[in-house]
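Visitor: Dropping the structure in here first, questions after.
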Amino acid sequence: MLIVMKPDASASEIERVVEVIETLGFRAHAMPGENRTAIGVTGNRGSVDPAHFENLPGVADAIRVTKPYKLISKELRPEKSIIKVGSATIGGPELAIIAGPCAVETVDQVFAAAEAVAKSGAKFFRGGAFKPRTSPYAFQGKGEDGLKILADVRDQFGLNIVTEAMDERGIDLVEKYGDCIQIGARNMQNFSLLKYAGKTRKPILLKRGLSATLDEFMLAAEYIMAEGNYDVILCERGIRTFADHARNTMDLSVVPALHRYTHLPVIVDPSHGTGHNYMVTPLARAGVAVGADGLIIEVHPCPEEALCDGAQALTISQYFDLVTQVEQIRSALKVSQYAPVSV
Ligand code: PEP
Ligand code: MN
């Protein structure tokens, strides 16, 4: 059930609808929009009778939702969500660039990358302190010490920190030191972790699972939002296919598909999406061209020495080139998408 309020509904009329929803034993999710507030109802097993709401003051419509997802949907919020991440935003007119090494290794490595990322004009810095590695013998990340280095990066460069958490303790720590909690591909359907992330008040960067369908991906985001955290950013990072020329197959068609069904921002990760240095910039260009709201890019001051994902890391100068190219594509799109066309 979705309650659409009239454009001029007052705060107390919205409050009254929330009260009625809660009295029925359900959860209310009020989502203010540009023109009107909509209130999503969750927690109901069967359908809810619209008669409970139709005659309340300020209510324009009570709509039954037939799809399995509610809060991520455009019915709830027709305009795109712009998510605040630290001091910047993702989903607005500006292309969001999140860049940095795969893993936090040393202070020098992180600071050299951060200096380049800040200089490029990007607002977000990435770097994993908890690494989900295929082999238990591979470098697992520096843990809390790594997060402290990332917090120093924010202090020194003003960059907003995006970093992965793999479990509940990790979420608590990233909440303390970072600006955005990344949930990695391998945890996209870790439902208890998604619920836990939904209880935090930091934005969540949710990466698509290695073989997740569009619906599975969207429902994973719904898990987070159903707990009350509406600040979710979706990330396409490649899926597993028969193709073996790339680490994963970047499924760029998911970007317009997500934009069709959800108001959440969508970014793409051509680093994990391809696994090869030489493919990262071309696929970053493609991601921006297809309408992504941002990019997440791995860059390392010395890729051949990287402890993790060196083969896909860009050098600093390659990274600067990438930023120049994608900004050009983004501004070309702005012209064709938003400029009034005279006929
Ligand atoms: C990462 O961003 O470092 C990472 C491990 O990503 P993914 O979960 O997409 O593999
Ligand atoms: Mn990586």
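The values are calculated or read from the model by the stated rules, or taken from the named source; none is laboratory data. Everything numeric here is computed off the predicted structure, so don't read it as measured data. Cβ sites come from the backbone with ideal geometry, for glycine too, and all protein chains shown count toward neighbours. Heads up: the accessible areas ignore ligands, DNA and RNA and are worked out on the full protein's heavy atoms, side chains in. Shrake-Rupley method; radii C 1.70, N 1.55, O 1.52, S 1.80 Å.
Visitor: If I take R0 = 51 Å and measure r between the Cβ atoms of Val107 and Leu56 in this structure, what FRET efficiency does the formula 1/(1 + (r/R0)^6) give, to the nearest 0.05?
Guide: Details: r = 58 Å, r/R0 = 1.13.
Plugging the Cβ-Cβ distance into 1/(1 + (r/R0)^6) gives 0.35.
Visitor: Follow-up. Which of the peptides 188-198, 263-273 is most tightly packed, and how do the rest follow, judged by the mean count of other Cβ atoms within 10 Å per residue?
Guide: 263-273, 188-198
Visitor: I would also like to ask the following. How do the peptides 48-55, 99-106, 281-288 rank, highest first, by the average count of neighbouring beta carbon atoms within 10 Å per residue?
Guide: 99-106, 281-288, 48-55
Visitor: Let me ask something additional. Let me check something: with ligands and nucleic acids excluded, how do Lys148, Lys74, Lys84 order by accessible area (1.4 Å probe), largest to smallest? Mind showing how you got there, number by number?
Guide: Working: Lys148 90, Lys74 65, Lys84 130 Å².
I get Lys84, Lys148, Lys74, largest accessible area first.
Visitor: Rounded if a/c is under 1.5, else prolate if a/b is larger than b/c, else oblate: which is region 83-333, with a ≥ b ≥ c the root eigenvalues of its Cα gyration tensor?
Guide: Rounded shape, in that the Cα axes give a/c under 1.5.
Visitor: Right, another one. Kindly work out what percent of the DSSP beta bridges joining two residues of the chain are antiparallel, to the nearest 5. Walk me through the intermediate numbers first.
Guide: Numbers: 18 of 45 bridges.
So the antiparallel bridges in the chain amount to around 40 percent.
Visitor: Based on Cβ point charges of +1 for Lys and Arg and -1 for Asp and Glu, what charge dipole magnitude is obtained for region 2-63 about its Cα centre, in debye rounded to the nearest 20?
Guide: 180
Visitor: I'd like the orientation of helix 168-177 relative to the chain: the angle between its Cα long axis and the longest Cα principal axis, in ° from 0 to 90, rounded to 10.
Guide: That works out to roughly 80 degrees.
Visitor: Roughly how big is region 83-333's charge dipole about its Cα centre, with Cβ charges of +1 (Lys, Arg) and -1 (Asp, Glu), in debye to the nearest 20?
Guide: In debye, rounded to 20, region 83-333 gives about 360.
Visitor: Rounded to the nearest 500, what is the chain's calculated 222 nm mean residue ellipticity when only DSSP H runs of at least 4 contribute -39500 (n - 2.57) each, over all residues?
Guide: Result for the chain, helices only: -11000 deg cm²/dmol.
Visitor: Right, something else. Once the other residues with Cβ under 12 Å from the Cβ of Glu144 are scored (Lys, Arg +1; Asp, Glu -1), what is the net sum?
Guide: That sum, taken over residues with Cβ under 12 Å, equals +2.
Visitor: Enumerate by residue number the chymotrypsin sites (Phe, Trp or Tyr not before Pro) in region 66-139 meeting two conditions: DSSP loop (anything except H, G, I, E, B), and at most 12 other Cβ atoms within 10 Å of the site's Cβ. Don't jump to the answer; show the numbers that get you there.
Guide: Working: sites: Tyr69, Phe111, Phe124, Phe125, Phe130, Tyr137, Phe139; in loops: Tyr69, Phe130, Tyr137, Phe139.
Taking region 66-139 and a limit of 12 other Cβ atoms within 10 Å, the loop chymotrypsin sites (Phe, Trp or Tyr not before Pro) found are Tyr137.
Visitor: Any idea what angle helix 11-23 forms with the longest principal axis of the chain, computed on alpha-carbon atoms, 0 to 90 degrees, nearest 10?
Guide: It is inclined by approximately 90 degrees.
Visitor: Shifting gears a bit: For region 2-63, what value does the Rg/Rh ratio take when both radii are computed over Cα atoms and Rh is the Kirkwood radius, given to two decimals?
Guide: 0.92
Visitor: Dipole magnitude of region 229-343 about its Cα centre, charges +1 at Lys/Arg Cβ and -1 at Asp/Glu Cβ only, in debye to the nearest 20?
Guide: Details: 7 positive and 12 negative charges, 94 e Å.
With Lys and Arg at +1 and Asp and Glu at -1, about 460 debye.
Visitor: Then there is this: With a 10 Å cut-off between alpha carbons and a GNM built on the chain, which of Ile171, Ile21, Ile72 moves the most?
Guide: Ile21
Visitor: Pick from Ile98, Ile329, Ile149: which residue has the top mean-square fluctuation in a GNM of the chain where Cα pairs under 10 Å get a spring?
Guide: So, out of Ile98, Ile329, Ile149, the one fluctuating most is Ile329.
Visitor: Would you work out which of Ala62, Ala151, Gln312 lies farthest towards the positive end of the dipole of the chain, given +1 charges on the beta-carbon of Lys and Arg and -1 on that of Asp and Glu, about the Cα centre?
Guide: Ala62
Visitor: Here's another thing I want to ask about it. Give me the distance in nm between label points sitting 7 Å out from Cα along the Cα-to-Cβ direction at Gln156 and Asp172, one decimal.
Guide: 2.9
Visitor: Subtracting the Cα-Cα distance from 0.36 nm times the residue separation, let me have the gained length for Phe139 to Gln318 in nm, one decimal.
Guide: Details: separation 179, 0.36 × 179 = 64.44 nm, distance 2.53 nm.
Length gained between Phe139 and Gln318: 61.9 nm.
Visitor: How large is log10 of I(q)/I(0) for region 16-122 at q = 0.17 Å⁻¹ when the intensity is taken from the Debye formula with one equal scatterer per alpha-carbon?
Guide: With no solvent term, the Cα-only Debye profile gives -0.85.
Visitor: May I ask you to derive the relative contact order of the chain, considering only C-alpha pairs under 8 Å and at least 6 residues apart, and to give it as an integer percent?
Guide: 15
Visitor: With a 1.4 Å probe and all protein chains left in place, how much of the accessible area of region 188-319 comes from carbon and sulfur atoms, in whole percent?
Guide: Carbon-and-sulfur percentage of accessible area, whole number: 55.
Visitor: In Å², what does the accessible area per residue of the chain work out to with a 1.4 Å probe?
Guide: Dividing the accessible area of the chain by its residue count gives 44 Å².
Visitor: Putting +1 on Lys and Arg Cβ atoms and -1 on Asp and Glu Cβ atoms, find which of Pro132, Leu322, Ile239 reaches farthest to the positive end of the dipole of the chain.
Guide: Ile239
Visitor: So, one more: Quick one: of Lys84/Lys199; Lys80/Lys148; Lys131/Lys202, which pairs are farther than 23 Å apart, Cα to Cα?
Guide: Lys80/Lys148
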